[in-house]
1. Please determine, in degrees from 0 to 90 and to the nearest 10, the orientation of helix 101-124 with respect to the longest principal axis defined by the Cα atoms of the chain, where the helix direction is its Cα long axis.
2. Roughly to the nearest percent, how much of the accessible area of segment 84-230 is carbon and sulfur, given a 1.4 Å probe?
3. How many percent of DSSP beta bridges within the chain run antiparallel, rounded to 5?
4. Find the accessible area per residue for segment 131-196; the probe is 1.4 Å, ligands and nucleic acids are left out, and the unit is Å².
5. Considering just Cα atoms, how many Å³ per residue does the convex hull of segment 149-218 enclose?
6. Averaging sequence separations of C-alpha pairs under 8 Å and six or more residues apart, then dividing by the length of the chain, give the relative contact order as a whole percent.
7. So for TRP41, TRP83, what's the accessible-area order with a 1.4 Å probe, most first?
8. If I fit a long axis through the Cα atoms of helix 72-95 and take the longest principal axis of the Cα atoms of the chain, what angle between them do I get, 0 to 90°, rounded to 10?
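The values are calculated or read from the model by the stated rules, or taken from the named source; none is laboratory data. Remember, predicted model here, so these are calculated numbers, not experimental data. Here the Cβ positions follow ideal geometry from the backbone for every residue, glycine too, while neighbour counts run over all protein chains shown. Side chains included, ligands, DNA and RNA excluded: accessible areas come from the protein's heavy atoms. Shrake-Rupley method; radii C 1.70, N 1.55, O 1.52, S 1.80 Å.
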Amino acid sequence: MTKLEPATLPTFKPALRINHALTASIEKRILHWLANRAPFWLTSDQLTLLGFAAQIGAGLFYALARYHRQTLLLVILCLILNWLGDSLDGTLARVRQQQRPRYGFYVDHMVDIFGSVALMSGLALSGLVHPQIAIAMLIAFLLLAGESYLATYTLSRFQLSQGIFGPTEIRILLIIGNLALLHSPYSTILGHRMLLFDFGGTISTIGMFAFAIGLTARHTAQLYRQEPLS
């Protein structure tokens, strides 16, 4: 098979990035401020590795929370570091004009997938949520992520948020939930005592499945209109 020379590689056009999340505007300003003041030795790849390691760490500390609930504080620290690494890597590359759009998109999202498996596996082992709920959340997330990646390829639109919720909002909700868990892992809902993360996880799972189904229907109809049968 003949290897393509760099000059003959097809031109790659990055997809339009769309983010309507609640924190998107202020987050963008913060990230640009950090990127413009980052030390010269710091690279986007290092930030990606930081975010990945932090997500694995969050999963590990969730698992250890079964025995020492105070490790939830370390989960919070890992979530903050994950935000820093996962959010700043692309901004740093754009500020320094060092974009590698294909490499960055592929690596970032494979890291997100593996990191999410680690996070949800740790949560399933934590005793703070039933494993079935954690698995359902992971499946719903992977379905929603898969739909997003396919839409990015077919429609050239990369949706970073769904409604007002994006990755940062999810991290914030997890941090708030962890602080509540430090007080008690249980909550009373409509007179029934249940695990707080069972309730939150069920709502999250239903929401992600609903988004995945709705987006699939909408994008299928859109693509059908754009590519009608002759």
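1. For 101-124 against the chain, the angle is about 10 degrees.
2. 69
3. 60
4. 57
5. Convex hull of Cα atoms, per residue: 100 Å³.
6. 26
7. TRP41, TRP83
8. Helix 72-95 sits roughly 10 degrees off the main axis of the chain.
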